[in-house]
1. Which one of these is in the same structural domain as residue 353 (by TED's automatic domain parsing) and either within 23 Å of residue 113 (Cβ to Cβ) or loosely packed, with under 13 Cβ neighbours inside 10 Å (or both): 316, 295?
2. From 218, 245, grab the single residue that is surrounded by 14 or more Cβ atoms within 10 Å (Cβ to Cβ), in contact with a helix residue (DSSP H, G or I) (Cβ under 6 Å, 6 or more places away or on another chain) and farther than 23 Å from residue 129 by Cα.
3. Give the residues of the stretch 105-143 that are touching a residue at least 60 places away in the same chain (Cβ under 8 Å) and touching a strand residue (DSSP E or B) at 6+ places or on another chain (Cβ under 7 Å), sorted by residue number.
4. In the stretch 328-346, how many are surrounded by fewer than 23 Cβ atoms within 10 Å (Cβ to Cβ) and in contact with a helix residue (DSSP H, G or I) (Cβ under 7 Å, 6 or more places away or on another chain)?
5. Say whether the condition of being in contact (Cβ under 8 Å) with a residue 40 or more places away in the chain and under 19 Å from residue 117 (Cβ atoms) is met by at least one residue in the stretch 273-287.
6. Within the stretch 167-183, does at least one residue satisfy the condition of being closer than 24 Å to residue 126 by Cα and either in the same structural domain as residue 87 (by TED's automatic domain parsing) or surrounded by 17 or more Cβ atoms within 10 Å (Cβ to Cβ) (or both)?
7. How many residues does the stretch 248-266 contain that are outside any helix (DSSP H, G or I) and buried (at least 23 other Cβ atoms within 10 Å of the Cβ)?
């Protein structure tokens with residue numbers, strides 16, 4: 001089956017051109033790959049960028065229209081092989097692997113340093129999603145540019161699980177974007193993140209009911225690990241006097257962290273990194289730093305450091321270190337003797353870095 005779509009043309013002589021592509025995965029052409037990767041057809045020109053944004057959700061639906069319905073899995077189908085699942089952010093991968101163990105093969109769409117707010121799936125990413133037996137993601141609009149993909153897969157009958165569905169809504173922080181819009185960065189409150197174990201456990205049991213006892217045992221062990229981590233975080237934060245607990249970062253990813261561990265949190269940008277900080281935002285933050293005699297501010301691994309470095313220069317304050325916010329570090333990478341490629345190591349590294357810099 002072949003489809004045709006209209007996309008913005010780079011040529012100044014015409015506005016649109018037609019790109020044809022086949023439903024057969026072997027016949028996907030370079031123009032479509034470029035379109036999906038937002039490298040060729042989402043240029044800086046505002047008009048063409050607007051056209052690209054308008055057509056992208058439709059292209060996703062056309063892509064999945066060519067995909068077959070996911071086959072129902074029987075218990076016998078799982079004998080001798082792993083359950084194939086896809087995850088979005090690296091924190092999700094860490095939890096699914098911990099609970100799934102060797103019964104699950106986890107394929108993470110987003111790697112270290114990737115900003116999930118801005119992540120747009122490529123053609124190959126869409127194929128990975130379609131071939132999986134289940135999809136685990138954060139939710140609360142964290143993976144905003146993947147929402148069409150996830151909704152389409154649900155309608156197609158694929159198993160899709162949002163980790164934050166297991167968190168009581170009264171425990172969530174509302175964003176400034178309006179009623180019913182919540183801050184998705186729940187993993188920075190370790191106790192709150194532990195609620196997400198329920199969603200992962202239920203999802204894995206649904207995908208592999210024969211392994212329920214194993215999944216439940218690992219889930220309980222992971223809950224205990226998170227409880228220990230939360231207690232460590234409370235004790236570590238208490239090393240810093242309350243008047244020193246002011247955390248300034250690139251964007252508002254740490255509000256749950258502030259609520260849980262007693263920090264005032266100020267971000268240069270909002271909850272999403274989709275919008276850039278303006279001159280007024282920078283000036284306001286520089287004034288705030290001076291008024292509160294703050295020792296250090298922090299860059300983030302998945303956000304461009306340019307704006308916060310500008311703030312540091314203008315405020316004559318040190319960069320206290322690089323924090324991990326929307327993604328874990330590379331697997332096995334050690335910082336301050338913590339493996340920042342794991343959720344446990346990331347939390348310990350972040351908090352140690354913050355406390356040492358703000359003393």
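1. None of the others qualify; the one that does is 316.
2. 218
3. The answer is 133, 134, 136.
4. So the answer is 7.
5. yes
6. Checked the stretch 167-183: no residue is closer than 24 Å to residue 126 by Cα and either in the same structural domain as residue 87 (by TED's automatic domain parsing) or surrounded by 17 or more Cβ atoms within 10 Å (Cβ to Cβ) (or both).
7. 6
The values are calculated or read from the model by the stated rules, or taken from the named source; none is laboratory data. This one's a predicted model, so the numbers in the text were calculated from it and none came from an experiment. Cβ coordinates were reconstructed from backbone atoms using ideal geometry, including for glycine residues, and neighbour counts include every protein chain displayed.
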